[in-house]
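The values are calculated or read from the model by the stated rules, or taken from the named source; none is laboratory data. Quantities reported herein were computed from a predicted structural model and do not represent experimental measurements. Reconstructed Cβ throughout: ideal geometry from the backbone, glycine too, with neighbour counts over all protein chains shown. Just so you know, the surface numbers come from the protein's heavy atoms only, side chains and all, with ligands and any DNA or RNA stripped out. Shrake-Rupley method; radii C 1.70, N 1.55, O 1.52, S 1.80 Å.
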Amino acid sequence: GVGAQSKNESENGKISCADSEFRECKLTSVKTLRKQFQAEGSQVAREMFANHTFVGCVNRKLGLFQHATKLYLVNTHTASIQLFKQLLLRDFGNIGVIKLNPAPSLKELALLGLENPEAGWSPDDGDKTELADFVISTLFKHREMLDDYFSLQMDFVDGVESVIGLPLLLDDYCPWLAGLPLYILRLATEVDYTDEVECFRGFIQETARFYAVPCKSGARMDLDQHKSQSKSSTSDDQIKDSEEEGWKFTIEHVLYPAFKKILLPSQACLTDRSLLQIANLPDLYKVFERC
């Protein structure tokens, strides 16, 4: 099962990210990354998210909200990447844990990740088993740091190197676990562990990408997602309806309230169409008056 717990809790169960005793971060590298994040943010877009009224989901990727008299189309996927980067920087060293039980083997995850076309593996890259061993050695070398700062937990389970915990960045939110193999692979191949700032920047980038709302059909973001439903008692249509309601509920009741409360969007969102005005409501009312 998947259980959420704070950094200093031994009990399994649902616990808020903020329950553990707060540790102040004094690392210059983290302060640098926080400053950069703030500098790239848009106060105009922050005000819009802070005072929005959620309207609904178009699909997993796009949502609608109203701000003042205007209706906006929001790229939920892009906004969620920004939110998780922000949370990883804000809560650095104070992140809760999502416990994985059974704990997946690192080697199996790495091999699954290499099978994913997005990994871009070719025979020139070398033997997959050797690459999987490289993933294990790289991540295990840094596992104490990754646990201490980010609550990514790895350990031996029955003699096998395994992932036992993931960062709990937002209460009631779990990344889509089908993305775990590619995430583990990319943590070993795309993060520069030789430079502190670049290491943290790379880890945060890859983790935010893994946690972001997935646009794929069937993807879920709830803590119960790994539990398979009994086919005998549940029809395919019921499962589909439950999945449909599940992701919509998470987006509306977990993500958008977090956007409203803390999200500092990047300045890019005002020009890259990830926050797009699609209607001015007084103009719409005039149209309806004519009907």
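Can you find a residue in region 51-73 that is under 22 Å from ARG186 (Cβ atoms) and in contact with a Phe, Trp or Tyr (Cβ under 9 Å, 6 or more places away or on another chain)? Yes, because at least one residue in region 51-73 is under 22 Å from ARG186 (Cβ atoms) and in contact with a Phe, Trp or Tyr (Cβ under 9 Å, 6 or more places away or on another chain). Cβ separations smaller than 9 Å between residues 6+ apart or across chains give the following pairs from region 26-41 residues that are over 19 Å from LEU275 (Cβ atoms) and outside any helix (DSSP H, G or I) to residues that are open to solvent by less than 50 Å² (accessible area, probe 1.4 Å) and of a type outside the set (D, E, K, R): LEU27/PHE92; LEU27/GLY93; LEU27/PHE200. Look at (1) open to solvent by 20 Å² or more (accessible area, probe 1.4 Å); (2) part of a helix (DSSP H, G or I); (3) more than 17 Å from MET221 (Cβ to Cβ); (4) among the hydrophobic types (A, V, I, L, M, F, W, C) and you find that LEU89 fails only one, number (1).
Of the residues ALA119, ALA45, which single one is of a type in the set (Gly, Ala, Ser) and either at pLDDT below 95 or closer than 26 Å to ASP158 by Cβ (or both)? Just one listed residue meets the conditions, ALA119.
Each residue in region 95-137 was checked for being part of a helix (DSSP H, G or I) and among the aliphatic types (A, V, I, L, M), and 11 pass. On the stretch given as region 266-275, residues that are at pLDDT 95 or above and of a type in the set (A, V, I, L, M) total 2.
Scan region 19-67 for residues that are among the polar types (S, T, N, Q) and either surrounded by fewer than 14 Cβ atoms within 10 Å (Cβ to Cβ) or more than 20 Å from CYS199 (Cα to Cα) (or both) and jot them down. Residues satisfying the conditions are SER20, THR28, GLN36, GLN38, SER42, GLN43, ASN51, THR53, ASN59, GLN66.
Checking each residue in region 138-161 for being touching a helix residue (DSSP H, G or I) at 6+ places or on another chain (Cβ under 6 Å), of a type outside the set (A, V, I, L, M) and outside any helix (DSSP H, G or I) picks out GLN153, GLU161.
Within region 1-18, restricting attention to residues that are polar (S, T, N, Q) and at pLDDT below 50, which residue is least open to solvent (accessible area, probe 1.4 Å)? Per the stated criteria, the residue is SER16. Taken over region 192-244, the criterion of being under 24 Å from LEU146 (Cβ atoms), open to solvent by less than 80 Å² (accessible area, probe 1.4 Å) and either at pLDDT below 60 or outside any helix (DSSP H, G or I) (or both) is satisfied by ASP192, TYR193, ASP195, ALA212, VAL213, PRO214, MET221, LEU223, GLN225, HIS226.
Restricting attention to region 131-183 and to residues that are among the polar types (S, T, N, Q) and out of contact with any Pro (no Cβ under 8 Å at 6 or more places or on another chain), the residue that is most open to solvent (accessible area, probe 1.4 Å) turns out to be SER137. Of all residue pairs spaced 6 or more apart or on separate chains, those with beta-carbon atoms under 7 Å, a first member in region 84-109 that is farther than 20 Å from GLN225 by Cα and a second member that is modelled with pLDDT under 95 and outside any helix (DSSP H, G or I) are PHE92/CYS25; GLY93/ARG23; GLY93/CYS25; ASN94/LYS7; ASN94/SER20; ASN94/PHE22; ASN94/ARG23; ILE95/LYS7.
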